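Each value in this text was obtained by applying a stated rule to the coordinates, not by laboratory testing. Please read these numbers as outputs of a predicted model, since none were measured by experiment. Note: ideal-geometry Cβ built from the backbone for every residue, glycine included; neighbour counts use all protein chains shown.
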Amino acid sequence: MNQKGIFKNVVVKKYIMGLSGLFLILFLLVHLSINLCALIPDGGNTFNELAEFMDLPVIKPLEVGLFIGFIIHILDALVLTLQNRKARKNGYEVSAANANSKWYSRSMGILGTLLLMFLIIHLAHFWFPNRFTGYELDGKESHNLYQLMLYTFNELWIVVLYVLVQISLGYHLLHGFRSAFQTLGLNHPRYNTIIEGLGVIYSITVPLLFAVIPVILYLRIHGYIPY
Amino acid sequence: MSHGDMNLTLKIWRQKNTETKGSFETYPISGISPDMSFLEMIDVLNEKLIVEGKEPVAFDHDCREGICGMCSMYINGRPHGPKNAVTTCQLHMRSFKNGDTIVIEPWRASAFPVIKDLAVDRTSFDRIMAAGGFVSVNTGNAQDANNLPISKEDADESFTSAACIGCGACVAACKNASAMLFVSAKVSQYALLPQGQPERKSRVLAMVAQMEEEGFGSCTNTGACEAECPKGISISNIARLNREYLGAALSSK
Ligand code: HEM
Ligand code: SF4
Ligand code: FES
């Protein structure tokens, strides 16, 4: 029965979920490190140099890999979620699920959908103009990603959006980080505390730092804090 | 039967058979003793219904001491009611307050179709067991026990996993109606013993395949199963199943 293709199996689909999730967790670390450079008060030079490096042809395969990682994670999530829905067609009248599990553990699909919606907006803000259409700042064709960042975070609602989505990310990871290890079979009394601890630290620190960047840029642009 | 002074309102799922659509019926009940078990309380209700010429509520039960796993009832939004680590038959009416409304539903999972009222068909678990939950032994005299050395740690761990009574509370509690806790307990129980080694790989592949065929969901590690399991089966078994499956899938033909 295992002949009919192991990729069709639920447990295998879960390995793919866990692996793609861990891959995205690693990616966020790289992404965050680069973004934090935008806060260096050198007029965006360091950040732009890194951005130019990321435009080099050697990075291209990594970018494609990242897209594939996202697509696999999202499609696998969709397939599993639909399968799980089918496993209970008639729901309960009363549910006291808070007595046995955390709301965010039960809401990975919704939290992930929020992340996906943000991802599309986020790509439209930065990746798309940077890669394809190019962008005009102050009326002239520009290739200054730092300037584009300042331009984007000039708007308060965009800053608010970027901050709020980090809450979804934080909760997605608060469950996802340790869940990925469990899915891959890595559950051992000796390491569980470390994995859980790392998960909590990651899920709080990374979204917090991501949120801080647009806030600081906004405050600087509007002169609330000095450079 | 002893009488007490608890008055309750029961909201119970009534469903004639698998094909018909069910609905809730409300039954006021009085004279309940706090020392009664939950099933005894339902017995009182059923006696009353029979006297009134109505159809009694169908529910599964057998041992009434927490070992057979039959007494499936989803009580006020939780399998086996508000207490942890007990089955419905071990739940007492003192866990409720006088005047409470108690909502009682059957396990809800596509792989556990309702037979009637609160009784569900759990033969899907039997078919998963038939797929691999056994060891093949040669007939003849029992072997000398010392021929099969096993560490105390593994023996204990296997025994703890074997404590699963197949009640299905894990499936009932899981938002995905996943049977991973049950299957992982059964896989672990054999994977840890010398007797389980010959069929170790084929067992996990076959049981997982059957689990999927029965229409159970996948595991998203919410931990609801572990929290609701009357026998305290740990989700570390699910991680073991995930490891066992990976090893078996990669190395078997
Ligand atoms: C940067 C973004 C993201 C990261 C770092 C991330 C990370 C993770 C991790 C580590 C898991 C746990 C995997 C497991 O339990 O084995 C997970 C699960 C999940 N993710 Fe994401 N994810 C991200 C984006 C998304 C998006 C955009 C979606 C949906 C559109 C999504 C939907 C889900 C769902 C539904 C699950 C639960 C699936 C399951 O446990 O079966 N995620 N994610
Ligand atoms: S694992 Fe626990 S909840 Fe699930 S069937 Fe076994 S005893 Fe019942
Ligand atoms: S009736 Fe046997 S466990 Fe409850």
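Charge dipole of the stretch A:3-221 (Cα centre as origin; +1 on each Lys and Arg Cβ, -1 on each Asp and Glu Cβ, all else neutral): 1480 debye, rounded to the nearest 20. Filter the DSSP H helices in chain B by two things, a Kyte-Doolittle mean of at least 0.5 and an axial alpha-carbon span of 18 angstrom or more, and list the hits by number. Sorted by number, the helices that extend far enough and score high enough are B:38-51. Per residue of A:78-91, other chain Cβ atoms within 10 Å of the residue Cβ number 6 on average. Loop-located trypsin sites (Lys or Arg not before Pro) in the stretch A:1-100 (DSSP state not H, G, I, E or B) with no more than 15 neighbouring Cβ atoms inside 10 Å: A:Lys89.
Helices meeting the span-like rule in chain A (full DSSP H runs, Cα extent of at least 30 Å along the helix axis, mean Kyte-Doolittle score of 1.0 or higher): A:10-36, A:156-183, A:189-221. Partners of B:Lys201 within straight-line reach, counting lysines whose Cα lies under 28 Å from its Cα and excluding those fewer than 8 residues away in the same chain: A:Lys4, A:Lys8, A:Lys13, A:Lys14, B:Lys152, B:Lys186, B:Lys231, B:Lys253.
Residue order for A:Leu111, B:Leu250, A:Leu32, fewest other beta carbons within 10 angstrom first, comes to B:Leu250, A:Leu32, A:Leu111. Projecting label points 7 angstrom from Cα along Cα→Cβ for A:Ala96 and B:Gln195 puts them 3.9 nm apart.
Here the label points at B:Asp144 and A:Phe128, each 7 Å from Cα along the C-beta direction, are separated by 7.8 nm in the simple model. In chain A, Cα pairs under 8 Å separated by at least six residues give a relative contact order of 29 percent. Peptides B:102-109, A:17-24, A:219-226, B:26-33 ranked from most to least packed give B:102-109, A:17-24, B:26-33, A:219-226, packing being the mean of other C-beta atoms within 10 angstrom over each peptide's residues. Candidate cross-link partners of B:Lys21 among the lysines, defined by an alpha-carbon separation under 21 Å and a same-chain spacing of 8 or more, comprise A:Lys86, A:Lys89, B:Lys11, B:Lys54, B:Lys116. Across the stretch A:175-201, the residues whose backbone nitrogen lies under 18 Å from the label position 7 Å along the beta-carbon direction of A:Leu116 are A:176. Each label was represented as a point 7 Å from its Cα along the Cα-to-Cβ direction; for A:Ser33 and B:Leu250 these points are 2.7 nm apart.
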